[in-house]
Amino acid sequence: MKKKMIKRKNRGFYGGVLAVILAAGMLMTGCGNTADAESGSGASGNGNGVVAGSTVSVSNTAKNSGSTKAISGSTILDTSDLFSNRDVEVGYDEAECVRITLDGSTAQSDSGAVKVDGNVVTITDEGTYLLSGTLNGQIIVEAEKSDKIQLVLDNANISCASSAALYVSQADKVFVTTTAGSENLLETTGEYVAIDDHNIDGAIFARDDITLNGEGLLVVRSATGNGIVGKDDLKITSGNYEITAGNHGLQGKDSIRIANGTITITAAQDGIHSGNDEDDTVGYTYIEGGTITIAAEDDGIHSDTQLVIAGGMIQVTKSYEGLEGQEIELLGGEVSVVSSDDGLNAAGGNDGSGEQNSFLGDKFAGDSFGGRGGMGGFGGGAFDVDEDAQIIISGGVLNVNAQGDGIDSNGNLYINGGEILVNGPVNDGNGAMDFGGSGYISGGSVIAIGSSGMAENFASDSTQCAIMVTTQSTQKAGTTVTLKNASGEVLLSAVSEKTFNNVVFSCEGIQVGETYTVEIGSETTEITMTETIYGSGSGFGGGRGGMGGFGGRQGRESQNGMDGQGGFGGQMPEGQNGMDGQGGFGGQMPEGQNGMDGQGGFGRQMPEGQNGMDGQGGFGGQMPEGQNGMDGQGGFGGQMPEGQNGRSRGGFGGPNGGM
């Protein structure tokens with residue numbers, strides 16, 4: 001099923017040219033530095049360094065609504081009537097059941113409502129049907145549109161070579177119940193072949209509402225298609241399920257709702273996928289309980305609209321993106337995500353943000369102090385914010401290990417409670433947290449660890465304090481990180497799972513006017529909170545800069561700066577090439593200078609005889625003598641003629657000149 005693609009931030013060149021990762025304080029081995037907090041912009045990140053971890057320890061003063069139970073109702077989905085009494089009822093009257101005995105390539109039943117045609121068994125009337133035995137064939141439900149049918153599986157094994165083992169063609173609703181202690185199998189072993197006008201592509205395929213419950217085991221296998229498909233609502237309220245699928249594990253068109261049960265999914269696409277291309281008011285996923293384990297080649301859980309988790313234990317052990325939906329809300333439960341791209345993504349679609357798809361993404365995977373910078377921001381407004389996308393976390397425990405962004409919202413992020421630990425990216429093209437809009441925190445505890453290149457802190461108008469710090473050098477995996485208050489009480493602590501050089505801390509115990517100690521292995525630093533938010537940086541949206549660009553060097557004559565004086569936002573003396581402020585991105589270029597787009601920089605006028613970034617002597621163009629380019633000859637990776645200023649020997653990676 002085609003994913004609903006939602007507007008996504010572009011991480012190509014114009015979203016990522018050169019950010020300098022400069023911190024307001026350095027964490028030196030054997031040193032204790034004291035720094036005062038600075039107010040951050042909230043939409044970008046980089047501050048003063050630390051932390052990662054597979055486990056997080058939070059003191060009582062730092063905890064805020066970390067219960068695994070839902071702390072309140074959903075704010076994005078009406079959950080008042082998602083499960084009926086019959087959805088959760090697993091009982092049945094055996095004396096009233098219609099028995100169907102499965103026998104190899106045929107079956108027997110005394111009921112006129114059961115038709116047997118070779119190895120195809122068709123159920124045509126309302127009632128409860130008890131199935132046992134083995135069938136190399138198919139069960140079809142073809143009843144009246146008003147009929148409710150319960151199928152009780154009592155050690156039933158049904159295998160179909162070319163269609164659904166269980167096909168619900170028509171009914172009002174079908175309940176599939178496993179008996180206590182039973183082991184049952186529904187599988188499709190080969191390619192799907194059409195048997196009617198509908199695209200049957202699941203081992204269990206229901207064109208109407210279907211609910212699975214019970215006290216036994218149901219194994220579902222689909223070699224080339226989906227495991228369980230519900231073309232209306234698909235619900236699981238109890239039972240034990242092992243699902244292996246060549247496409248999605250669970251697929252629901254209008255919704256997937258899980259109240260309880262033990263569910264293990266291995267899928268070649270999404271583990272759980274809900275979406276309706278015809279109606280954007282449905283296509284949601286709601287989970288309030290159960291134990292769910294997912295290993296997926298694509299998304300762990302994908303919803304075209306809302307994804308709400310109110311309880312349960314969910315482990316996504318493998319995924320491209322862990323949890324994805326236009327809106328994601330965590331109210332309770334314990335959620336653990338491992339992803340090769342984003343851990344949580346409020347947007348949708350395969351955006352490739354875990355790849356080095358930015359023009360300079362692999363050029364800046366270095367240290368922040370005295371090292372290379374990350375991907376640059378242009379002061380905000382460079383990308384449209386998806387107003388419909390948001391992530392809301394109000395309770396529960398969330399543990400993310402992501403190679404891309406840890407928590408990524410194309411709109412806003414709201415944290416009102418819960419315990420959150422993010423082990424984010426080791427590359428500078430992603431961040432532990434990423435917002436298209438802003439991130440706001442009012443409660444809970446957060447440790448967000450990752451690289452500094454795209455790090456972002458919470459907005460300055462958040463009501464709970466947050467601290468961002470960046471280390472001078474990359475810290476090893478397994479490093480213990482601790483935040484203590486002035487009394488020495490541990491507020492937050494974690495052990496890193498990866499290398500890192502940036503962390504964001506937030507908990508109730510951090511207060512304005514108080515002093516805190518950050519410990520990273522044997523390093524310590526003190527921070528005094530003079531504002532709600534300490535530390536911001538140079539992800540998209542811009543943040544504080546340093547002096548003179550790479551590694552805090554001041555911009556010198558004949559050099560190209562990237563921050564502070566002669567850099568992003570700094571004044572460039574004559575003869576210099578800047579990237580912001582006067583003679584930089586959006587700034588006025590004095591004569592003899594080179595801008596970075598069109599005439600005179602991004603959107604600014606170039607004086608005569610100058611070279612921009614799209615024409616000759618720009619990105620991909622030849623640079624004449626006396627000019628500074630950024631690609632082609634004398635640019636990024638290109639050769640600089642004599643007397644020219646590149647950026648790393650005549651451009652990034654090119655010979656001659658540079659910084």
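The values are calculated or read from the model by the stated rules, or taken from the named source; none is laboratory data. Remember, it's a predicted structure, so these values are computed and weren't measured experimentally. FYI the Cβ positions are ideal-geometry reconstructions off the backbone, even for glycines, and counts take in every protein chain you see. Just so you know, the surface numbers come from the protein's heavy atoms only, side chains and all, with ligands and any DNA or RNA stripped out. Shrake-Rupley method; radii C 1.70, N 1.55, O 1.52, S 1.80 Å.
Check whether at least one residue in the range 191-199 is of a type in the set (S, T, N, Q) and not in a loop (DSSP other than H, G, I, E, B), and report yes or no. No, the range 191-199 contains no residue that is of a type in the set (S, T, N, Q) and not in a loop (DSSP other than H, G, I, E, B). When the range 290-299 is filtered for residues that are open to solvent by 10 Å² or more (accessible area, probe 1.4 Å) and within 14 Å of the chain's Cα centre (by Cα), only 298 remains. If you go through the range 209-236 and keep only what is open to solvent by less than 10 Å² (accessible area, probe 1.4 Å) and either touching a helix residue (DSSP H, G or I) at 6+ places or on another chain (Cβ under 6 Å) or among the charged types (D, E, K, R) (or both), you end up with just 211. Scanning the range 522-544 for residues being under 23 Å from residue 405 (Cβ atoms) and modelled with pLDDT under 90 gives a total of 9.
Among the residues of the range 105-121, which ones are outside any loop (DSSP other than H, G, I, E, B) and open to solvent by 30 Å² or more (accessible area, probe 1.4 Å)? Explain how you work it out, then say what you get.
As a first pass, look at the range 105-121 and keep what is outside any loop (DSSP other than H, G, I, E, B): 106-108, 114-117, 120-121.
Within the range 105-121, 106, 108, 115, 116, 117, 120 meet the criteria.
Please enumerate the residues belonging to the range 91-104 that are in contact (Cβ under 8 Å) with a residue 24 or more places away in the chain and open to solvent by less than 40 Å² (accessible area, probe 1.4 Å).
First, the residues of the range 91-104 that are in contact (Cβ under 8 Å) with a residue 24 or more places away in the chain: 92-94, 96-104.
Of everything in the range 91-104, those that are in contact (Cβ under 8 Å) with a residue 24 or more places away in the chain and open to solvent by less than 40 Å² (accessible area, probe 1.4 Å) turn out to be 97, 98, 100, 102, 104.
Taking the range 137-153 as the range and being over 16 Å from residue 171 (Cβ atoms) and either in contact (Cβ under 8 Å) with a residue 60 or more places away in the chain or of a type in the set (Phe, Trp, Tyr) (or both) as the test, only 153 passes. Of the listed requirements (1) in contact (Cβ under 8 Å) with a residue 12 or more places away in the chain; (2) open to solvent by 10 Å² or more (accessible area, probe 1.4 Å); (3) over 15 Å from the mean Cα position of the chain (by Cα), residue 283 misses just one: (2).
The rows are residues; the columns are (1) in contact with a His (Cβ under 9 Å, 6 or more places away or on another chain); (2) open to solvent by 10 Å² or more (accessible area, probe 1.4 Å); (3) farther than 25 Å from residue 223 by Cα.
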| position | (1), (2), (3) |
| --- | --- |
| 272 | yes, no, no |
| 288 | no, yes, yes |
| 301 | yes, no, no |
| 307 | no, no, yes |
| 316 | no, no, no |
| 320 | no, yes, no |
| 328 | no, no, yes |
| 347 | no, no, yes |
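Residues in the range 445-454 include none that are part of a strand (DSSP E or B) and open to solvent by 10 Å² or more (accessible area, probe 1.4 Å).
Out of all the residues in the range 405-426, which are assigned to a strand (DSSP E or B) and not aliphatic (A, V, I, L, M)?
Taking the range 405-426 first, the residues assigned to a strand (DSSP E or B) are 407-409, 412-423.
Result: 408, 409, 412, 414, 416, 417, 418, 419, 423.
Residue-by-condition table, conditions (1) open to solvent by 10 Å² or more (accessible area, probe 1.4 Å); (2) outside any loop (DSSP other than H, G, I, E, B); (3) in contact with a Gly (Cβ under 7 Å, 6 or more places away or on another chain):
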| residue | (1), (2), (3) |
| --- | --- |
| 460 | yes, no, yes |
| 463 | yes, no, no |
| 470 | no, yes, yes |
| 473 | yes, yes, no |
| 477 | yes, no, no |
| 488 | yes, no, no |
| 492 | no, yes, no |
| 501 | no, yes, yes |
| 505 | no, yes, no |
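Residue 392 meets each of the listed conditions (1) of a type in the set (A, V, I, L, M, F, W, C); (2) assigned to a strand (DSSP E or B); (3) under 20 Å from residue 450 (Cβ atoms) apart from (3).
Between residues in the range 117-136 that are of a type outside the set (D, E, K, R) and residues that are modelled with pLDDT under 95 and assigned to a strand (DSSP E or B), which pairs lie under 9 Å by C-beta distance while being six or more apart or on different chains? Once the first residue is of a type outside the set (D, E, K, R) and sits in the range 117-136, no partner that is modelled with pLDDT under 95 and assigned to a strand (DSSP E or B) comes close enough.
Looking across the range 418-429 at every residue that is modelled with pLDDT of 95 or more, open to solvent by less than 10 Å² (accessible area, probe 1.4 Å) and in contact with a Ser or Thr (Cβ under 9 Å, 6 or more places away or on another chain), the one that is farthest from residue 320 (Cα to Cα) is identified as 418. Taking the range 128-166, which residues are open to solvent by less than 20 Å² (accessible area, probe 1.4 Å) and within 17 Å of residue 239 (Cβ to Cβ)? 130, 131, 150, 151, 152, 153, 156, 158, 165, 166, listed by residue number.
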